[in-house]
Structures are given as structure tokens and as C-alpha cells.
Amino acid sequence: MERLDKFLCDSGAGTRSQVKLIIKSGAVTVDGAVERDSSRKIDPQTQEVCLRGERLGGMRRMVIMLNKPEGYVTATEDKQDKTVMELLPQHLLTMDLKPVGRLDKATEGLLLFTNDGALLHRLISPKKEVPKVYYARHEGKATGEDVDAFREGLTLRDGTVCLPATLEPLGAGESLITVCEGKYHQVRRMMASRGMTVTYLERRQEGSLELGDLPRGQIRELTEEEIILLEKTSK
């Protein structure tokens, strides 16, 4: 048994204060009868709870894609900087979403959030080798020797060993980089180790998911089919 207001929050209906107002308005029914008591105990397994005629399912697995703009740190809270959580709509903040890995403050592009702990772990684990594709603008031009060095696996100046990666030159000062791990500032440090300082970085793909035309700063929820494909990528 659980409180009705908690059940609505877990279903993504809104924050606790918003849900109380929704229930008080008469928009919620339990087994077909209007219920205005937020503290009402219900059994989600045996009782039907509807919001404006639509049945709610309680906490559900959710994966959100954000096109992260620069200037936000990937953290659930920070005392100095704006966090990516501030870019999520208020009603999603009740869904226990956590960032999948991290993009640094200056990096833009594809960032996932999920409340599925097992999926999160698989996506960030180097052992699963989930590919992440970045577009970089940088000083200099990538050479064949640079491509070979990435393919063999770089050892950075501080001794950090990176897994084999793919460097695809697009022309003077532009490249695509594919890595299967997420060490601290990894792509920037890998490029710097080959004498190419990155001036702009955007993640465009993770596993089977592409950023596409999602506007900067906007989000969209993945479909169940997309989540299943993402799971297959990370197995």
C-alpha cells in the first residue's frame, strides 16, 4: 500500500505540491470514483488510478535525451555552477532521473538521463564498450599517424592508458572521435596528446542513439523501442 500523492509523483504527474492540487481538483479517480484525499492509501497492484481518464502506472522506466548546451555541469547539484538537472522540466524531477556519465561544462550535445540503475551502469562501463561519437573542432590537422595512434590506444602524458579509439579527420581543424569509455576530459586530453587543442566539442551519438535535430537545450523521452536498442548496444 502507498499514498495516492506519492503514486502520482512516481507516475510523473508532477511535484508533491502540484499533485496535491491536482487531487484536490477532482481530476483523479480510484477504481472509477473521484478521490480528493492525497493521503489515501492505495494498492497499485489491484486498484486502478486514473488522471483525467488516463490510467497511471506508478514509477516506470524512463530514458531522457538532452541536447546539452555549454555552461552546465553534469551533476545532480552544485554550489557554484548551473547543473544539467536545471534543464529538465519540473515534472521529471520526481522520476529519480540521473545523468548517464558526464559531459564537461564546455562540451555540448547528447546526454542521457535514466531511472534504470542497471541500464545506467551498463552504458558507462568500459567493459561494455558502448561507442560514443564526438565532433571536434581543433587546432591543426589530424594525420594518418594520429589515426594509427588512436587505433592502437593512447597513453596520456600523466600515464593514463586509453582503450583503442577511432579518429576520423574531416578536414583541417575538424574530426570525429569515437571512444568506448569516459575518462575525465578524455577526448580533449587525447587530442592534446597529439598536438591538437580542441576548441569545440559536441557528442553526437551514444550506442545506437543519434542526437539528430533535437534543438540545443531541449529534451525528448526515448521510446521503448529505442531503449531496447540501447540495451542491446550495451550487452
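Summary table below
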item	result
For Tyr200, distant residues with modelled amide H under 5 Å away	Arg137
Fraction of accessible area attributable to carbon and sulfur, the range 125-195 (%, probe 1.4 Å)	50 percent
Computed Kirkwood radius, in angstrom, where 1/r is averaged over Cα pairs of the range 48-130	14.2 Å
Unit charges on C-beta of K, R, D, E only; dipole of the chain, Debye	500 debye
Whole-percent pair-distance distribution, where bins are 5 Å wide, for the alpha carbons of the chain	1, 6, 13, 15, 15, 13, 11, 8, 6, 4, 4, 3, 2, 0, 0
Anchor Lys128: lysines whose Cα lies under 16 Å away (excluding residues fewer than 8 positions away in-chain)	Lys183, Lys232, Lys235
Highest-first arrangement of 153-165, 174-186, where packing means the average Cβ count within 10 Å	174-186, 153-165
The chain - mean residue ellipticity at 222 nm from DSSP helices (-39,500 (n - 2.57) per run, n ≥ 4, rounded to 500)	-6000 deg cm²/dmol
Dipole of the range 88-182 [Lys/Arg +1, Asp/Glu -1 at C-beta], most positive-end residue of Leu112, Tyr135, Ser175	Leu112
Positive-pole candidate from Gln205, Pro215, Met191, dipole of the range 171-235, charges at beta carbon	Met191
Surface per residue (accessible, 1.4 Å probe) for the chain, Å²	52 Å²
Summed side-chain charge close to Ala172 - residues other than Ala172 whose Cβ falls under 11 Å, Lys, Arg +1, Asp, Glu -1	0
Where N is the number of residues in the range 1-74, Cα Rg divided by 2.2 N^0.38 Å	1.31
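The values are calculated or read from the model by the stated rules, or taken from the named source; none is laboratory data. Note that this is a predicted model, so its numbers are computed, not measured. When we count neighbours, we look across all protein chains shown, and the Cβ atoms used for this are built from the backbone with ideal geometry, even at glycine. Side chains are part of the model used for accessible areas, which takes the heavy atoms of the whole protein and leaves out ligands, DNA and RNA. Shrake-Rupley method; radii C 1.70, N 1.55, O 1.52, S 1.80 Å.
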